Amino acid sequence: MQMEWLSALVDHGVLGLLGLLSVLVVATGLERWSLYRHVDLAAVLSADALELLLTQRLSLIASVASNAPYLGLLGTVFGIMLTFHRMGQDAAADVGQIMTGLALALKATAAGLVVALMAVTLYNALQRRARVLTLQWRMRHGR
């Protein structure tokens, strides 16, 4: 079939990319959290330097959080296109095949939402911790 590449693209491409992004977000989050636990506030000379240190790579997590739903939606659109194409090729397609195709197409949206929710939660927690550390530095240094 000429549209089977689209099925592989949804299953391996979109879902694989979302899986890779989720691993990247978790790894970045763990690295940041580890840094936050071990940062020496006394050794940091300025609030600006501390803010730069604490906010590195947070934009990566924010970017994944904002774009993961769109990647999932793209996979869903591809899956629905594939289902409609199969319906057009096989005029005798039954309702079960159509519903199965549409349900499987929605898995990409679900995966995108899961990755986005995880990334947003992690971003908010890291951002909050960075603010707390910056405030602690300011209180310690009277600024």
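Calculate what fraction, in whole %, of the accessible area of the chain sits on carbon and sulfur atoms when a 1.4 Å probe is rolled over the protein chains.
Carbon-and-sulfur percentage of accessible area, whole number: 66.
Stretch SER34-HIS12 to full length: gain in nm at 0.36 nm per residue minus the Cα-Cα span?
Additional length available on full extension: 4.7 nm.
For a test of the definition: using alpha carbon positions, the gyration tensor, and the 1.5 limit on a/c, classify segment 1-83 as rounded, prolate or oblate.
On the way: a/c = 5.99, a/b = 3.63, b/c = 1.65.
Prolate.
If you plug each phi of segment 98-111 into the Karplus form 6.51 cos²θ - 1.76 cosθ + 1.60 with θ = phi - 60°, what whole-Hz ³J(HN,Hα) values come out, in order, with x for Gly and Pro?
My calculation for segment 98-111 gives 5, 5, 5, x, 5, 5, 5, 5, 6, 5, 5, 5, 4, 5 Hz in order.
Based on alpha-carbon atoms only, what is the radius of gyration of the chain relative to the globular estimate 2.2 N^0.38 Å?
Dividing the Cα radius of gyration by 2.2 N^0.38 Å gives 1.51.
Nearest 10 degrees, 0 to 90: what angle lies between the long axis of helix 58-89 and the longest principal axis of the chain (Cα atoms)?
0
Between segment 68-135 and segment 24-54, what is the separation of their alpha carbon centroids in Å?
Comparing the Cα centres of segment 68-135 and segment 24-54, I get a distance of 32 Å.
May I ask you to list the residues of segment 118-143 whose amide nitrogen lies under 17 Å from a point 7 Å from Cα along the Cα→beta-carbon direction of GLU51?
From segment 118-143, the list is 127-143.
Given the DSSP H assignment, sum -39500 (n - 2.57) over each helix run of at least 4 residues in the chain and divide by its residue total; what's the result at 222 nm in deg cm²/dmol, nearest 500?
-29000 deg cm²/dmol, from helical runs alone.
The values are calculated or read from the model by the stated rules, or taken from the named source; none is laboratory data. All values reported here derive from a predicted model rather than from experimental measurement. We place every Cβ from the backbone using ideal geometry, glycine too, and count neighbours over all the protein chains shown. Accessible surface areas use protein heavy atoms only, side chains included; no ligands, DNA or RNA. Shrake-Rupley method; radii C 1.70, N 1.55, O 1.52, S 1.80 Å.
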